[in-house]
Amino acid sequence: MAIVKQYPHYLFRKVTTGATQDENGDYVAGVEKWEFVSMCREETNGKGSVVTLADGRAITFGALVQCPKGSSRIPEGTIIRVSDDDQGASVRCTGECLKSDCGQLHTRHWL
(Lines give C-alpha, C1' and ligand atoms only; values in the text may rest on other atoms or scores of the structure.)
Protein backbone atom coordinates (compact mmCIF):
# COMPACT_ATOMS: atom_id res chain seq x y z
CA MET A 1 0.00 0.00 0.00
CA ALA A 2 1.47 3.36 -1.05
CA ILE A 3 1.47 6.22 1.41
CA VAL A 4 0.43 9.59 -0.02
CA LYS A 5 2.17 12.66 1.38
CA GLN A 6 -0.15 15.66 1.63
CA TYR A 7 2.73 18.14 1.15
CA PRO A 8 5.46 16.40 -0.90
CA HIS A 9 7.15 19.51 -2.34
CA TYR A 10 9.35 22.34 -1.01
CA LEU A 11 8.46 26.04 -1.32
CA PHE A 12 11.21 28.67 -1.54
CA ARG A 13 11.12 32.44 -2.02
CA LYS A 14 13.79 34.65 -3.54
CA VAL A 15 15.27 37.14 -1.08
CA THR A 16 17.85 39.81 -1.77
CA THR A 17 20.08 41.20 0.94
CA GLY A 18 20.60 44.95 0.82
CA ALA A 19 23.80 46.55 -0.37
CA THR A 20 26.48 46.83 2.32
CA GLN A 21 29.72 48.70 2.76
CA ASP A 22 33.03 46.88 3.07
CA GLU A 23 35.93 47.89 5.35
CA ASN A 24 37.10 50.45 2.72
CA GLY A 25 33.69 52.13 2.57
CA ASP A 26 32.92 50.74 -0.89
CA TYR A 27 29.40 49.51 -1.53
CA VAL A 28 28.96 45.81 -2.24
CA ALA A 29 25.84 44.76 -4.15
CA GLY A 30 23.17 42.70 -2.39
CA VAL A 31 23.08 38.94 -2.80
CA GLU A 32 20.11 36.95 -4.10
CA LYS A 33 19.33 33.59 -2.51
CA TRP A 34 16.47 31.12 -2.18
CA GLU A 35 14.98 30.87 1.31
CA PHE A 36 12.93 27.83 2.37
CA VAL A 37 9.37 28.79 3.34
CA SER A 38 7.37 25.60 3.87
CA MET A 39 6.50 22.14 2.68
CA CYS A 40 3.80 22.37 0.02
CA ARG A 41 1.82 20.74 -2.76
CA GLU A 42 2.03 22.28 -6.25
CA GLU A 43 -0.85 21.76 -8.66
CA THR A 44 -0.52 22.90 -12.27
CA ASN A 45 -3.49 24.86 -13.62
CA GLY A 46 -4.34 22.50 -16.46
CA LYS A 47 -7.92 23.78 -16.79
CA GLY A 48 -6.98 27.42 -17.35
CA SER A 49 -8.76 28.59 -14.19
CA VAL A 50 -8.70 32.28 -13.31
CA VAL A 51 -7.92 34.01 -10.00
CA THR A 52 -9.18 37.51 -9.15
CA LEU A 53 -6.50 39.78 -7.71
CA ALA A 54 -6.94 42.49 -5.07
CA ASP A 55 -7.26 45.17 -7.78
CA GLY A 56 -10.11 43.29 -9.46
CA ARG A 57 -8.12 41.95 -12.42
CA ALA A 58 -8.79 38.34 -13.39
CA ILE A 59 -5.64 36.44 -14.39
CA THR A 60 -5.13 32.89 -15.59
CA PHE A 61 -2.56 31.48 -13.16
CA GLY A 62 0.04 28.82 -13.90
CA ALA A 63 0.02 26.89 -10.63
CA LEU A 64 -1.64 26.76 -7.23
CA VAL A 65 0.68 26.05 -4.29
CA GLN A 66 -0.96 24.81 -1.08
CA CYS A 67 0.87 24.84 2.27
CA PRO A 68 -0.08 23.59 5.75
CA LYS A 69 -2.28 25.67 8.03
CA GLY A 70 -0.22 28.34 9.80
CA SER A 71 2.27 28.78 6.95
CA SER A 72 3.41 32.32 6.24
CA ARG A 73 1.60 34.48 3.71
CA ILE A 74 3.94 35.48 0.86
CA PRO A 75 3.58 39.07 -0.38
CA GLU A 76 2.32 39.52 -3.93
CA GLY A 77 5.18 40.15 -6.36
CA THR A 78 7.61 37.86 -4.52
CA ILE A 79 9.36 35.33 -6.78
CA ILE A 80 8.71 31.80 -5.53
CA ARG A 81 9.97 28.37 -6.53
CA VAL A 82 8.61 24.89 -5.89
CA SER A 83 11.05 22.00 -5.85
CA ASP A 84 10.97 18.24 -5.42
CA ASP A 85 13.97 18.37 -3.06
CA ASP A 86 15.00 20.37 0.00
CA GLN A 87 17.94 22.02 -1.80
CA GLY A 88 15.75 23.55 -4.52
CA ALA A 89 17.67 21.80 -7.29
CA SER A 90 14.81 19.81 -8.85
CA VAL A 91 12.55 22.72 -9.86
CA ARG A 92 8.87 22.06 -10.59
CA CYS A 93 7.92 25.70 -11.23
CA THR A 94 9.10 29.26 -10.62
CA GLY A 95 7.07 32.45 -10.86
CA GLU A 96 5.72 35.59 -9.28
CA CYS A 97 3.26 35.22 -6.41
CA LEU A 98 0.04 36.70 -7.82
CA LYS A 99 -2.11 36.17 -4.73
CA SER A 100 -1.71 34.65 -1.29
CA ASP A 101 -4.46 33.54 1.08
CA CYS A 102 -4.30 32.17 4.62
CA GLY A 103 -7.45 30.08 4.95
CA GLN A 104 -8.97 28.02 7.73
CA LEU A 105 -7.45 24.74 6.53
CA HIS A 106 -4.33 25.80 4.61
CA THR A 107 -2.40 28.67 3.03
CA ARG A 108 -2.59 29.07 -0.76
CA HIS A 109 -0.34 30.90 -3.22
CA TRP A 110 -1.16 31.46 -6.89
CA LEU A 111 1.62 31.97 -9.44
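The values are calculated or read from the model by the stated rules, or taken from the named source; none is laboratory data. Quick caveat: nothing in here was measured; it's all calculated off a predicted structure. Cβ placement follows ideal geometry from the backbone for every residue including glycine, while neighbour counts extend to all protein chains displayed. Just so you know, the surface numbers come from the protein's heavy atoms only, side chains and all, with ligands and any DNA or RNA stripped out. Shrake-Rupley method; radii C 1.70, N 1.55, O 1.52, S 1.80 Å.
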Where segment 13-111 is the region considered: accessible area per residue in Å², 1.4 Å probe = 61
Which value, in Å² and to the nearest 10, is the accessible area of HIS106 when all protein chains are kept and the probe is 1.4 Å?
-> 50
What ranking do 14-22, 57-65, 83-91 get when scored by the average of other Cβ atoms within 10 Å per residue, highest first?
-> 57-65, 83-91, 14-22
Calculated FRET value between ASP84 and GLN6, using beta carbons and R₀ = 22 Å, to 0.05 | 0.90
Calculated from the structure, semi-axes √(5λ) of the Cα gyration tensor in Å equals which of [x] 29, 19, 13; [y] 35, 15, 11; [z] 25, 16, 15?
-> [x]
Go through LYS14/LYS99; LYS47/LYS69; LYS47/LYS99; LYS5/LYS69 and tell me which ones have a Cα-Cα distance over 20 Å in this structure.
-> LYS47/LYS69
Carbon/sulfur fraction of accessible area - segment 1-106, other protein chains in place, 1.4 Å, % | 50
Based on the Cβ-Cβ distance from VAL15 to ILE59, what FRET efficiency comes out when R0 is 22 Å, to the nearest 0.05?
-> 0.35
Förster radius 30 Å - calculated FRET efficiency between TYR27 and CYS102, Cβ distance, rounded to 0.05 | 0.20
Within the chain: Cβ-based charge dipole about Cα centre, in debye rounded to nearest 20 (Lys, Arg +1; Asp, Glu -1) = 680
